[in-house]
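First comes the structure, then the notes that go with it.
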Amino acid sequence: MSTSGDSPTASAQCERPNLDIHTTSQGEVKIVKMMGRLGMGQALDRFSATMIELLSQGHNKIVLDIEEVPTVDSSGIGMLVRHLTTASKAAAPFDC
């Protein structure tokens, strides 16, 4: 019986470093669905690589589906802002 009150399963889920990323298209829009924690380490590297690939291919209409991302640390927020800025600069100006 555990004295800490935490089950091994609960601890393993909290420490889960994996971030699953699935990219789909809907017209001209790329949808990036993420599942798992977005934070420093492999998860952030994987997210960044996905975004760099999409942006380098000229995709600047991107929707991030983070419904299944329970936490984003400060590094993850910084990376989100970085890629938002890059995508915004690459977009064609609005024609009014």
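Here HIS83, HIS22 are placed in order of increasing Cβ neighbour count within 10 Å, fewest first, which gives HIS22, HIS83.
The residues ARG82, ARG37, ARG46, when put in order of fewest to most other Cβ atoms within 10 Å, stand as ARG82, ARG46, ARG37. Between the amide H of VAL69 and those of GLY36, distances stay under 5 Å, these residues lying 5 or more places away or on another chain, with hydrogens modeled in the peptide plane.
No lab work stands behind these numbers, since they all come straight from the coordinates. Note that this is a predicted model, so its numbers are computed, not measured. No Cβ is skipped: glycine too gets one built from the backbone with ideal geometry, and neighbour counts run over all protein chains shown.
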